[in-house]
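Some notes on the structure that comes next.
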Amino acid sequence: MIRINRMIQVHFSRYIMFKRLLTAAFLALLASAHAGAEEQVLNIYSARHYPSDEALYGEFTRSTGIRIKRVDADDAGILARLRAEGAASPADVILLVDASRLWRGEAEGLFQPIKSPALDAAIPAQWRSQPGADGGTAWFGFSTRARVIVYDKLKVRREDVDSYEELGDPKNKGRLCLRSGSHPYNLSLFGAVLEHLGEQKTEVWLRGMVDNMARAPQGGDTDQIRAVAAGECAVAVTNTYYLARLMRSTRPEDQTAVERIGVVFPNQASWGTHVNVAGGAVARHAKHPANAVKFLEYLASSAAQEHFANGNNEWPAAKGVKLDNPALKAMGGNSFKSEAVPISVVGRNSVKVQQLLDRAGFR
Ligand code: FE
């Protein structure tokens with residue numbers, strides 16, 4: 001009798017164990033199915049505010065079934081938000097529009113390393129962050145923009161402004177309109193110049209520009225172009241797409257402005273024109289990291305590159321993607337010489353540049 005009881009007990013405990021295993025397996029299955037459902041979403045924090053990008057997001061959702069939720073803010077706002085949200089951040093993909101900001105996000109550990117053979121193959125090393133110790137890449141540039149000089153054709157000879165160095169030359173005294181030196185576009189330009197000229201000469205150059213200013217730094221790139229066209233100053237610096245926007249505008253005042261100004265791709269006889277990037281990264285605490293990489297890989301495809309770059313009058317960053325943009329062509333900017341300093345180095349230099357700006361009294 002005792003033996004029979006014992007046998008029943010053993011069978012019963014085996015049965016319980018089996019049932020537990022079955023339940024565990026069922027729960028695991030349920031969890032993975034649930035994770036699969038989550039996988040159909042992608043949260044993007046974007047500093048790009050170009051209507052043409054909408055088509056791009058729509059196309060990604062149609063081809064992958066992954067819904068995109070987007071938060072729009074400027075570069076600084078996005079980085080601040082990521083810092084504040086920490087591990088609770090819903091952000092998967094981060095899109096920023098400048099190398100020094102991308103570098104800042106990387107330096108603060110706000111991104112996670114990307115390992116994608118497709119991206120490594122598509123985006124030249126020049127336009128992405130340097131690989132980390134683990135072989136991952138913190139961010140990739142997806143479009144490029146040149147930082148060019150514009151001048152008043154009535155007052156300035158082209159040969160007096162065909163290099164960045166000349167912006168700090170006394171011959172251009174009282175002519176210069178610039179936005180804040182601490183704006184990322186200028187931090188990156190100055191970071192490139194620092195790489196070429198070294199610290200001492202760069203500081204002298206920055207002081208020279210402060211001496212040459214027609215007014216205190218203010219406004220954005222378009223404001224500088226308009227100030228030149230209005231005769232308030234005679235020389236300014238702008239990203240190419242702002243210029244392209246004015247060139248493609250049908251408003252009479254924009255056309256009048258464009259007629260008055262000349263455009264120079266600086267330093268064609270030396271180290272080349274400074275080129276910046278707009279780029280993307282995967283957020284450190286991404287809840288959908290696979291979708292995030294998929295999206296960045298999609299941005300490197302030729303169809304997306306055309307939207308992404310052409311929509312904002314930029315140049316594609318991916319290898320082998322051609323672009324036919326009338327405004328960029330009219331600028332003569334399809335075959336200019338661009339500088340060869342890796343954009344990651346330019347971004348890193350922004351810390352040093354900020355110190356030089358402070359010393360030079362460049363606000
Ligand atoms: Fe911009």
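Do we have residue 363 as under 20 Å from residue 190 (Cβ atoms), in contact with a helix residue (DSSP H, G or I) (Cβ under 6 Å, 6 or more places away or on another chain) and at pLDDT below 95 here?
Working: under 20 Å from residue 190 (Cβ atoms): yes; in contact with a helix residue (DSSP H, G or I) (Cβ under 6 Å, 6 or more places away or on another chain): no; at pLDDT below 95: yes.
Taking the combined requirement at face value, the residue does not satisfy it.
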Which condition breaks for residue 276 when tested against (1) away from the ligand (no atom under 16 Å from the Cβ); (2) buried (at least 22 other Cβ atoms within 10 Å of the Cβ)? (1)
Residue satisfying condition, being touching a helix residue (DSSP H, G or I) at 6+ places or on another chain (Cβ under 7 Å), within 16 Å of the ligand (Cβ to nearest atom) and modelled with pLDDT of 95 or more, within set 96, 110, 119, 42: 96
Could you list, in sequence order, the residues of segment 81-118 that are more than 19 Å from residue 275 (Cβ to Cβ) and of a type in the set (A, V, I, L, M)? 82, 84, 87, 88, 91, 93, 94, 107, 110, 114, 118
Might you let me know whether segment 68-80 holds any residue that is in the same structural domain as residue 350 (by TED's automatic domain parsing), open to solvent by 40 Å² or more (accessible area, probe 1.4 Å) and farther than 23 Å from residue 347 by Cβ? no
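Looking only at segment 318-347, count how many residues are assigned to a loop (DSSP other than H, G, I, E, B) and in contact (Cβ under 8 Å) with a residue 60 or more places away in the chain. Give the steps one after another, and end with the answer.
At the first step, the residues of segment 318-347 found to be assigned to a loop (DSSP other than H, G, I, E, B) are 318-325, 331-337, 339-342.
Subset that is in contact (Cβ under 8 Å) with a residue 60 or more places away in the chain: 318-319, 325, 331-333, 336-337, 339-342.
So the count comes out to 12.
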Restricting to segment 311-363, give me the number of residues that are farther than 30 Å from residue 54 by Cβ and of a type in the set (D, E, K, R). 7
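Just to check your reading of the model, which residue among 169, 134, 152 is away from the ligand (no atom under 15 Å from the Cβ) and in the same structural domain as residue 74 (by TED's automatic domain parsing)? Step through it out loud before you land on a result.
Working: 169 fails: in the same structural domain as residue 74 (by TED's automatic domain parsing); 152 fails: in the same structural domain as residue 74 (by TED's automatic domain parsing).
The match here is 134.
Identify all residues within segment 265-292 that are more than 21 Å from residue 195 (Cα to Cα), of a type outside the set (Gly, Ala, Ser) and out of contact with any Leu (no Cβ under 8 Å at 6 or more places or on another chain); write none if there are none. It would help to see each step written out before you state the result.
As a first pass, look at segment 265-292 and keep what is more than 21 Å from residue 195 (Cα to Cα): 279-292.
With of a type outside the set (Gly, Ala, Ser) added as a condition, the list becomes 282, 284-285, 287-289, 291.
Listed by number, the residues that qualify are 285, 287, 289.
Suppose we filter 134, 162, 152 for residues that are more than 16 Å from residue 94 (Cα to Cα), among the acidic types (Asp, Glu) and crowded, with 20+ Cβ neighbours inside 10 Å; which single one remains? Break it down into steps so the answer makes sense when it comes.
Numbers: 134 fails: crowded, with 20+ Cβ neighbours inside 10 Å; 162 fails: crowded, with 20+ Cβ neighbours inside 10 Å.
Selected residue: 152, the only one of 134, 162, 152 that is more than 16 Å from residue 94 (Cα to Cα), among the acidic types (Asp, Glu) and crowded, with 20+ Cβ neighbours inside 10 Å.
Tally the residues that are in a strand (DSSP E or B), of a type in the set (Gly, Ala, Ser) and within 16 Å of the ligand (Cβ to nearest atom), restricting the search to segment 216-271. If you could, list the steps in order and put the result at the bottom.
Kept after step one, since they are in a strand (DSSP E or B), are these residues of segment 216-271: 235-239, 261-264.
Restricting the remaining residues to those that are of a type in the set (Gly, Ala, Ser) gives 236, 262.
Of the ones still in play, those that are also within 16 Å of the ligand (Cβ to nearest atom) are 236.
Result for segment 216-271: 1.
For segment 152-202, enumerate the residues that are of a type in the set (A, V, I, L, M), part of a loop (DSSP other than H, G, I, E, B) and within 21 Å of residue 339 (Cβ to Cβ).
Of the residues in segment 152-202, the ones of a type in the set (A, V, I, L, M) are 154, 156, 161, 167, 176, 178, 187, 189, 192-194, 197.
Applying the additional criterion that residues be part of a loop (DSSP other than H, G, I, E, B) yields 154, 156, 161, 178.
Of everything in segment 152-202, those that are of a type in the set (A, V, I, L, M), part of a loop (DSSP other than H, G, I, E, B) and within 21 Å of residue 339 (Cβ to Cβ) turn out to be 161, 178.
Each row is one residue, and each column tells you yes or no for (1) more than 22 Å from residue 131 (Cβ to Cβ); (2) open to solvent by less than 70 Å² (accessible area, probe 1.4 Å); (3) in the same structural domain as residue 80 (by TED's automatic domain parsing).
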| position | (1), (2), (3) |
| --- | --- |
| 286 | no, yes, yes |
| 315 | yes, yes, yes |
| 318 | no, yes, yes |
| 336 | yes, yes, no |
| 356 | yes, yes, no |
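The values are calculated or read from the model by the stated rules, or taken from the named source; none is laboratory data. Keep in mind it's a predicted model, so treat the numbers as computed, not measured. All Cβ positions, glycine included, derive from the backbone under ideal geometry; neighbour counts span all protein chains shown. All accessible areas refer to the heavy atoms of the entire protein, side chains included, with ligands and DNA or RNA removed. Shrake-Rupley method; radii C 1.70, N 1.55, O 1.52, S 1.80 Å.
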